[in-house]
1. Is it true that residue 148 is modelled with pLDDT of 90 or more, β-branched (Val, Ile, Thr) and within 13 Å of the chain's Cα centre (by Cα)?
2. Evaluate the following for residue 155: is it among the polar types (S, T, N, Q), part of a helix (DSSP H, G or I) and either without any contact (Cβ under 8 Å) to a residue 24 or more places away in the chain or buried (at least 24 other Cβ atoms within 10 Å of the Cβ) (or both)?
3. Look through segment 97-132, keep the residues that are buried (at least 21 other Cβ atoms within 10 Å of the Cβ) and at positive phi, and return whichever of them is modelled with the highest pLDDT.
4. Test residue 174 against the criterion of being in contact with a Gly (Cβ under 7 Å, 6 or more places away or on another chain) and among the charged types (D, E, K, R), and give yes or no.
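The values are calculated or read from the model by the stated rules, or taken from the named source; none is laboratory data. Only a predicted model underlies this, so the values are computations on that prediction, with no experimental measurement involved. Virtual Cβ from ideal backbone geometry, glycine too; neighbours counted across all protein chains shown.
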Amino acid sequence: MTVTISRLYNNHEDARAAVRALEDAGVAHGDISILASNADDWYSPDREGDTYPDRDLDGRDDRAEAAGAGAGVGATVGGAAGLLAGLGIIAIPGVGPVVAAGWLVATLAGAAAGGATGSIIGALTQAGVGKDEAEVYAEGLRRGGAVVSARVKDSEGPRLQALMDREAVDVAERRAAYRQGGWKSFDPGQRPYTADQIRRERDLYMRR
């Protein structure tokens with residue numbers, strides 16, 4: 001029996017750390033998924049120079065891993081073991097551009113095709129996130145955050161939850177903070193945050 005664990009993170013760095021922790025703990029790459037806001041253009045599939053292509057978000061140069069070039073959402077990156085499937089940049093209503101990889105991408109695409117409200121809410125709830133938490137996750141993505149989901153054995157759940165919790169957002173606290181600012185629920189019709197707004201948002205919740 002398997003369970004799905006999902007966590008919200010303040011930024012893609014924290015989310016990538018969670019992915020690496022899961023991989024190190026033995027979770028199969030195909031059972032891990034990530035959605036990370038790209039509204040501030042931190043990620044480009046064509047990075048060169050001082051940086052490098054990192055389509056699977058594993059912190060290693062894909063060229064050295066013999067990764068296929070140009071993989072997009074809905075496609076599987078072949079020829080290199082350990083790569084997350086279906087990486088690409090997609091636009092989510094109300095959120096903006098998101099770097100997405102893994103099985104949750106297909107769920108997200110299915111939710112959008114099925115007309116689920118905001119599509120991201122539908123994808124998250126189908127992945128096992130409660131509706132109230134999904135609203136906070138979606139708003140967190142809109143404000144520059146990231147979501148990691150992992151399908152794991154039920155017996156491994158507590159141990160892997162502890163790994164994912166290390167840098168994760170406290171959803172109850174974040175919901176309260178959003179509501180103090182007048183937020184009620186995620187609205188897919190809202191304008192996505194700008195890069196400047198996201199930088200200010202991240203500074204607000206920066207760990208001290």
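1. Numbers: modelled with pLDDT of 90 or more: yes; β-branched (Val, Ile, Thr): yes; within 13 Å of the chain's Cα centre (by Cα): yes.
Yes; evaluated as a whole, the condition is true for this residue.
2. Working: among the polar types (S, T, N, Q): yes; part of a helix (DSSP H, G or I): yes; either without any contact (Cβ under 8 Å) to a residue 24 or more places away in the chain or buried (at least 24 other Cβ atoms within 10 Å of the Cβ) (or both): yes.
Yes: the conditions hold for residue 155.
3. 102
4. When the stated conditions are applied, residue 174 passes them.
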